[in-house]
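One structure below.
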Amino acid sequence: MIYLDHAATSWPKLPEVLQAMTGFLERAGGNPGRSGHRLSIDAGRIVYETRELLAQLLGAPDPLRVVLTPNVTYALNIAMLGLLNPVTDRVVTTGIEHNSVMRPLRALEAQGLELVVVPCGPDGQLDMEAMQEALLPGARLVVASHASNVMGTLLPVGEIAELAHAVGALLLVDAAQTAGVIPIDAPALGIDLLAFTGHKGLLGPPGTGGLIIAPELDPSVIRPILSGGTGSRSEEERQPEMLPDRLEFGTGNGPGVAGLGAGVQHLLDYGVDAVRAHECALTQRMLDGLGKIPSVTMYGPLDVERRTATVSLRIEGHSVSEVGWRLDEDFGVLSRVGLHCAPAAHRTLGTFPEGTVRLAAGLSNTEADIDVAIGAIREIASA
Amino acid sequence: MSDFGVVLLPSTAAALRSEKVLQQANLQIRLIPVPRELSSNCGIAVRFTWVDRDDVEAALARAQVDYEAILPL
Ligand SMILES: Cc1ncc(COP(=O)(O)O)c(C=O)c1O
């Protein structure tokens, strides 16, 4: 079996990730931060260590500004719903966003938010002139994914940050597809809010993710969208002001966070640069191989420097569902077909509503895997 | 006068960060439950040897850890 669905979730999880998770439950079962006894403190230390590792990997200077959430969807919602006032605010986003960005923004739009969606070109590249123009009247927030989950296109988040800051807007980046896969230095890029999920490139389990808040950003501008027990300021019936407690509600996913810490530690040891080099080599091989099959249309940039390893394609005369089914049944190649929770991105590509076949290589794949996938696509195309 | 002092912190994450920062500064410290007679916003506090008070304060300031109070135990 060849797993080419790393853009959905990375697999298989590393043995040290599984060990960290069972270890947390076996030895550190206390509720982190709720009690003062040793098991609770041990549990708290593991969670805190994960904050430090994430801060190190993503360039955050203060680990207390790493807010842990159940996934990137929560992180994006916490940031957007907490920051925005739909009656007065204006938001600019891009034409390749995932529904975890678009749905909350559309819901706010229904309450009065002024929302501008800047178009992307046919390969997903953002029209930077249109972005600058969209920002002319000013904005409270710009929301952009770092890379598309459909065809891998990278957006120039550093340049977007400059444009946003020039009009006093904040930048929220959805790094679901890039954290752990592309080197990210949040402060150097000027990212005010960086949302990530734990179960993709960060190699952790599902149910983990977070939001990193820049040191300059006053946390009190983000209203907590939920509130509840934090283990801190228990005498107050108000959500605390300080991070991370302000935006962490209820008992967290301790074993998941422990597993995420092990995944991030692996990335720090191995090096995100090395991950990137590995994935660029696989992507180049995939693009070269698929490019030789005449009835295949590929989407996204052909230059591997401008993209992730997530490749989208269609085969003329074959529905995407048929291709996905045959890849799995006849060749043991696991892909994901359809709209990938991102109708906006598919409208940009012109592949809405049928979608595409997505082949997303990751750290666990080899060149031989890519060759099998190319061979399978060639065979399906020739039938 | 007691031999120990305590750093009170606003959150568990801040207490654990302080633990690490102070250990890295080679200070003898321990996490303890916040003594009942003191009030803090977080259930755990950092206990240190009172003679190290200036070093504790300096290390926390260097790492920019916000604390609520430093008190003798
Ligand atoms: C770009 C992007 N944003 C958001 C998400 C949502 O991730 P999660 O379901 O982990 O919240 C995904 C993945 O599904 C994604 O690829």
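For region B:36-53, residues that are surrounded by fewer than 21 Cβ atoms within 10 Å (Cβ to Cβ) and more than 10 Å from chain A (Cβ to nearest Cβ) total 9. Restricting the search to strands (runs of 3 or more DSSP E) fully inside region A:43-150 and requiring at least 2 residues that are within 16 Å of the ligand (Cβ to nearest atom) and free of Cβ contacts under 8 Å to residues at least 60 places away in the same chain gives A:141-145.
Here is the figure for region A:5-26: residues that are touching a residue at least 24 places away in the same chain (Cβ under 8 Å) and surrounded by fewer than 16 Cβ atoms within 10 Å (Cβ to Cβ) total 6.
Screening the candidates B:V6, B:V56 for the property of being β-branched (V, I, T), more than 10 Å from chain A (Cβ to nearest Cβ) and part of a helix (DSSP H, G or I) yields one hit, B:V56. With respect to A:G198, is the statement that it is within 14 Å of the ligand (Cβ to nearest atom), modelled with pLDDT of 95 or more and either surrounded by fewer than 24 Cβ atoms within 10 Å (Cβ to Cβ) or of a type in the set (V, I, T) (or both) true? Criteria not met by A:G198.
Close contacts from region A:169-181, counting a first residue that is within 13 Å of A:G209 (Cβ to Cβ) and a second that is more than 12 Å from the ligand (Cβ to nearest atom) and in a loop (DSSP other than H, G, I, E, B), with Cβ to Cβ under 9 Å and a gap of 6+ residues or different chains, come to A:A175/A:I184; A:A175/A:I191; A:G180/A:L203; A:G180/A:L363. Could you go through region A:127-141 and let me know if any residue there is outside the structural domain of A:E305 (by TED's automatic domain parsing) and under 18 Å from the mean Cα position of the chain (by Cα). No, that holds for no residue.
Does A:I222 qualify as being of a type in the set (A, V, I, L, M, F, W, C) and either closer than 21 Å to A:I96 by Cβ or buried (at least 24 other Cβ atoms within 10 Å of the Cβ) (or both)? Talk me through it step by step, then tell me what you get.
Values: of a type in the set (A, V, I, L, M, F, W, C): yes; either closer than 21 Å to A:I96 by Cβ or buried (at least 24 other Cβ atoms within 10 Å of the Cβ) (or both): no.
So A:I222 fails the test.
Can you tell me how many residues within region A:156-190 are within 25 Å of A:A262 (Cα to Cα), within 16 Å of the ligand (Cβ to nearest atom) and aliphatic (A, V, I, L, M)?
The initial filter retains those residues of region A:156-190 that are within 25 Å of A:A262 (Cα to Cα), namely A:173-187.
If we keep only those that are within 16 Å of the ligand (Cβ to nearest atom) too, we end up with A:173-182, A:184.
Adding the requirement that they be aliphatic (A, V, I, L, M) leaves A:173, A:175-176, A:179, A:181-182, A:184.
Total satisfying the criteria: 7.
The values are calculated or read from the model by the stated rules, or taken from the named source; none is laboratory data. All values derive from a computational prediction rather than experimental measurement. In this analysis, Cβ positions are derived from the backbone assuming ideal geometry, glycine residues included, and neighbour counts consider all displayed protein chains.
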